[in-house]
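Enquirer: Sharing a structure here in structure tokens format.
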Amino acid sequence: MTSIACDRAPSAICLDMDGTLVDTERLWDVAVYELAEHMGRPLDESNRERTLGNSLHGFFEILGEYTGHRIEGEEFDRLAHRLNSRVTELMRTDMRWRPGAEELLAEIAETGTPVALVTNTTADVAQVPLEFINRSRFDVVVTGCMVPDAKPAPDPYLLACARLGVDPRSSVAIEDSVTGATAAVAAGCRVLYVPSTDGQPDVTGAHTYPTLVGVGVSALHTLTSGTPAAVAVGESGV
């Protein structure tokens, strides 16, 4: 693989899943738009972008605000099951890599760099793409149900770095959404932000790049050089 040259490498790499490693945001699109229509108000593009990378609770807060209908209790459980079942069905029939992701994971394995998967997706839904990616590639897996507050809070990245035994400031996180990049910056990580959809704004503290194609482990230091967050902000649930 042709990589951007650099003689430094991060102490660990934390990778988002949906939209970063696997091309599943288009599948979430189908499930999300169908659910909004089921609730009586078809979702517009700008509000769909607001939901990108969110936890289930974050998603339903946005959807509830958009539809004018508070979603909680048994209804939350019912709609969450409907959404997760639909996207799982789609994932089982049409899973694809994001450009450059498989090659980067192969190089991470070759170099022995510690690596974590950090996703807002719940463990049951994450199981399907993890089968495709191969769970054994990761030293640590953090899902959205493992922390007090999911992305955009820093908790998932703080937990991943703690379990890897590294300082977040010496690690690199790779994200595709504003929600995820915001979380990684707040945790103190260097952040490579590769938007999976057009039109997403830049995130302060993150370094935007168009693709993972040609990006190797050593390149991650170069691509995220600059001034990282001075200190992690601490877990939001504490």
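The values are calculated or read from the model by the stated rules, or taken from the named source; none is laboratory data. Being a predicted model, the structure only gives us computed values, none of them experimental. Please note: Cβ atoms are built from the backbone with ideal geometry, for glycine as well, and neighbour counts cover all protein chains shown. Heads up: the accessible areas ignore ligands, DNA and RNA and are worked out on the full protein's heavy atoms, side chains in. Shrake-Rupley method; radii C 1.70, N 1.55, O 1.52, S 1.80 Å.
Enquirer: I need the full set of residues from segment 184-222 which are in a strand (DSSP E or B) and either open to solvent by 30 Å² or more (accessible area, probe 1.4 Å) or more than 24 Å from E45 (Cα to Cα) (or both), in order please.
Expert: R190, V191, L192, H207, T208
Enquirer: Separate question: Check whether at least one residue in segment 97-113 is in contact with a Leu (Cβ under 9 Å, 6 or more places away or on another chain) and closer than 17 Å to G58 by Cβ, and report yes or no.
Expert: The answer is no; no qualifying residue exists.
Enquirer: List pairs: first residue in segment 203-217 and charged (D, E, K, R), second residue crowded, with 19+ Cβ neighbours inside 10 Å and assigned to a loop (DSSP other than H, G, I, E, B) anywhere in the structure, Cβ distance under 6 angstrom, at least six positions apart or on different chains.
Expert: none
Enquirer: Can you pull out every residue in segment 164-183 that is open to solvent by 10 Å² or more (accessible area, probe 1.4 Å) and among the polar types (S, T, N, Q)?
Expert: S170, T179, T182
Enquirer: Looking only at residues that are within 17 Å of T179 (Cβ to Cβ) and of a type in the set (A, V, I, L, M) in segment 55-75, which one is nearest to the chain's Cα centre (by Cα)?
Expert: Taking the candidates together, the pick is L56.
Enquirer: To continue, here is another question. If you check P114 against the conditions, is it closer than 23 Å to A181 by Cα and open to solvent by 70 Å² or more (accessible area, probe 1.4 Å)?
Expert: When the stated conditions are applied, P114 does not pass them.
Enquirer: When segment 186-238 is examined, which residues are found to be closer than 20 Å to R169 by Cα, out of contact with any strand residue (DSSP E or B) (no Cβ under 7 Å at 6 or more places or on another chain), modelled with pLDDT of 95 or more and not aliphatic (A, V, I, L, M)?
Expert: G188, T204
Enquirer: Also, quick follow-up: Any idea which of P154, P148, P129 is open to solvent by less than 20 Å² (accessible area, probe 1.4 Å), touching a helix residue (DSSP H, G or I) at 6+ places or on another chain (Cβ under 8 Å) and farther than 23 Å from Y209 by Cα?
Expert: P129
Enquirer: Only residues in segment 88-105 that are more than 16 Å from D29 (Cα to Cα) count as the first member; pair them with residues that are in a helix (DSSP H, G or I), Cβ under 6 angstrom, at least 6 apart or cross-chain, and list the lot.
Expert: Partner pairs satisfying both residue conditions: L105/R137.
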